[in-house]
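Here is the structure we will look at.
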Amino acid sequence: MSSRGKRATPIDGAADHWLSDGQVRTYRRGQTIISAGSPLAEWIAISGGAAFLAAPVAADTRVAVAALWLGDVIGADSPLGKLAARYDVTALVDVTTLHIPLTRVRDRDALQRSAETGELYAATASRLQDQITMRLAGNGLQRLVSVLATLATALTSTAPAGGATNSLALPVSQACIGQLSGLSRRQTWIYLGQLAERGWSRTARTKVTLDGLNAWLVLMAEVETRGLECIATLDQCDETLSRLAALK
């Protein structure tokens, strides 16, 4: 099922590699990378940082649906759209992207490129589908916990896990976390408060910090092994995170 067990092909621009032809661009946190409905004239992949996707649901309304990160393809021929973008793509943190003209990606003698881009497309599609599926299958707490674990993975994808404090300040608002979880602001606030009481998060008006980061980073792999029941209630979530934290 999961992209969490897959590693996307590195986007490293190695010499003599077709990716070395790409143009690197940088987007600051909060900057729009792609707008929904815009033509996708380039092959674009995330080479650093993390972004979130938002779907248009009305003329002036967007709903966040998923996060993507290192190795995910967001341009032409990607799961986000073949010729036109289905989602807004916005930088969660500073993001670097690799841009390659479609003619270069599709040109002759492209057997290696076809295999490598196929792996990238599959990993991107799996990450996207996993997050959308969780929005449909999980209860409120399961959806929120899944989003927090996914954001932790996305935001540490280019840095050593854990760090000195084993905590991570998420660069997204509670409202955005709620949208990604399919929850109202009040539900989001309640669940975050319950996790804070158990010591797994800290909340402020403009910031959410995850504590016990090492446990959060392996939580979704544990969910895949044991099923959604291991995070179905606050007690079960607390027990699972505590057990994972003890393994580190």
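The values are calculated or read from the model by the stated rules, or taken from the named source; none is laboratory data. Every value quoted in this text rests on a predicted model; they were computed, and no experiment measured them. Every residue, glycine among them, receives a Cβ derived from its backbone with ideal geometry; neighbour counts consider all protein chains shown. When the accessible area is computed, the model is the full protein with side chains, heavy atoms only, and any ligands, DNA or RNA have been set aside. Shrake-Rupley method; radii C 1.70, N 1.55, O 1.52, S 1.80 Å.
Taking residue 231 as the residue in question, decide whether it is in contact with a Cys (Cβ under 7 Å, 6 or more places away or on another chain) and not basic (Lys, Arg).
Numbers: in contact with a Cys (Cβ under 7 Å, 6 or more places away or on another chain): yes; not basic (Lys, Arg): yes.
Judged against the criteria, residue 231 is a match.
Could you check region 1-38 and list, in sequence order, the residues that are at pLDDT below 90, over 18 Å from the mean Cα position of the chain (by Cα) and open to solvent by 70 Å² or more (accessible area, probe 1.4 Å)?
First pass over region 1-38, keeping only residues at pLDDT below 90: 1-22.
Checking the rest, the ones that are also over 18 Å from the mean Cα position of the chain (by Cα) come to 12-22.
12, 15, 16, 21, listed by residue number.
Looking at region 209-228, I want the residues that are closer than 11 Å to residue 146 by Cβ and have a partner that is of a type in the set (Lys, Arg) and open to solvent by 10 Å² or more (accessible area, probe 1.4 Å) with Cβ atoms under 6 Å, at least 6 apart or on another chain. Which pairs are those?
Filtered contacts from region 209-228: 220/4.
Would you point out which residue out of 97, 124 is in a helix (DSSP H, G or I), open to solvent by less than 10 Å² (accessible area, probe 1.4 Å) and modelled with pLDDT of 90 or more? Lay out the reasoning, then the answer.
Working: 97 fails: in a helix (DSSP H, G or I).
None of the other options fit; the residue is 124.
I need the full set of residues from region 45-67 which are among the aliphatic types (A, V, I, L, M) and out of contact with any Leu (no Cβ under 7 Å at 6 or more places or on another chain), in order please. It would help to see each step written out before you state the result.
Quick first cut of region 45-67, residues among the aliphatic types (A, V, I, L, M) only: 45-46, 50-51, 53-55, 57-59, 63-67.
Those that are among the aliphatic types (A, V, I, L, M) and out of contact with any Leu (no Cβ under 7 Å at 6 or more places or on another chain): 54, 55, 57, 58, 59, 63.
What number of residues in region 51-78 are open to solvent by less than 30 Å² (accessible area, probe 1.4 Å) and farther than 17 Å from residue 175 by Cα? Spell out how you get there, then give the answer.
Restricting attention to region 51-78, the residues satisfying the condition of being open to solvent by less than 30 Å² (accessible area, probe 1.4 Å) are 51, 53-55, 64-69, 71-76, 78.
Next cut, farther than 17 Å from residue 175 by Cα only: 68-69, 71-76, 78.
Count: 9.
How many of the residues in region 197-219 are under 17 Å from residue 140 (Cβ atoms) and open to solvent by less than 40 Å² (accessible area, probe 1.4 Å)?
Residues of region 197-219 that are under 17 Å from residue 140 (Cβ atoms), as a first pass: 197-198, 200-201, 203, 208, 219.
Now drop any that are not open to solvent by less than 40 Å² (accessible area, probe 1.4 Å), which leaves 200-201, 208, 219.
Selection size over region 197-219: 4.
Can you say whether residue 122 is more than 20 Å from residue 217 (Cβ to Cβ), touching a residue at least 60 places away in the same chain (Cβ under 8 Å) and of a type in the set (A, V, I, L, M), as far as the supplied structure shows? Let's see the steps before the verdict.
Working: more than 20 Å from residue 217 (Cβ to Cβ): yes; touching a residue at least 60 places away in the same chain (Cβ under 8 Å): yes; of a type in the set (A, V, I, L, M): yes.
For residue 122, the condition - more than 20 Å from residue 217 (Cβ to Cβ), touching a residue at least 60 places away in the same chain (Cβ under 8 Å) and of a type in the set (A, V, I, L, M) - is met.
Residues of region 220-231 being open to solvent by 20 Å² or more (accessible area, probe 1.4 Å) and on the phi < 0 side of the Ramachandran plot, which ones? It would help to see each step written out before you state the result.
Applying the first criterion (open to solvent by 20 Å² or more (accessible area, probe 1.4 Å)) to region 220-231 yields 221-222, 224-229.
Hits for region 220-231 are 221, 222, 224, 225, 226, 228, 229.
For a quick check of your reading of the model, give me the residue pairs whose first member lies in region 52-66 and is within 19 Å of residue 144 (Cα to Cα), whose second is outside any strand (DSSP E or B) and open to solvent by 40 Å² or more (accessible area, probe 1.4 Å), with beta-carbon atoms closer than 6 Å and at least 6 apart or on different chains.
These pairs meet every condition: 63/179; 64/179.
If you go through region 178-195, how many residues are closer than 13 Å to residue 143 by Cα and either touching a residue at least 60 places away in the same chain (Cβ under 8 Å) or open to solvent by 60 Å² or more (accessible area, probe 1.4 Å) (or both)?
Residues in region 178-195 being closer than 13 Å to residue 143 by Cα and either touching a residue at least 60 places away in the same chain (Cβ under 8 Å) or open to solvent by 60 Å² or more (accessible area, probe 1.4 Å) (or both): 3 in total.
Considering only residues of region 160-173 that are under 16 Å from the mean Cα position of the chain (by Cα) and surrounded by 15 or more Cβ atoms within 10 Å (Cβ to Cβ), which is farthest from residue 63 (Cα to Cα)?
Filtering region 160-173 for residues under 16 Å from the mean Cα position of the chain (by Cα) gives 161, 168-173.
Now restrict to residues that are surrounded by 15 or more Cβ atoms within 10 Å (Cβ to Cβ): 161, 168, 170-173.
Working: 161: 29, 168: 24, 170: 18, 171: 17, 172: 14, 173: 13 Å.
Out of the qualifying residues, it is 161.
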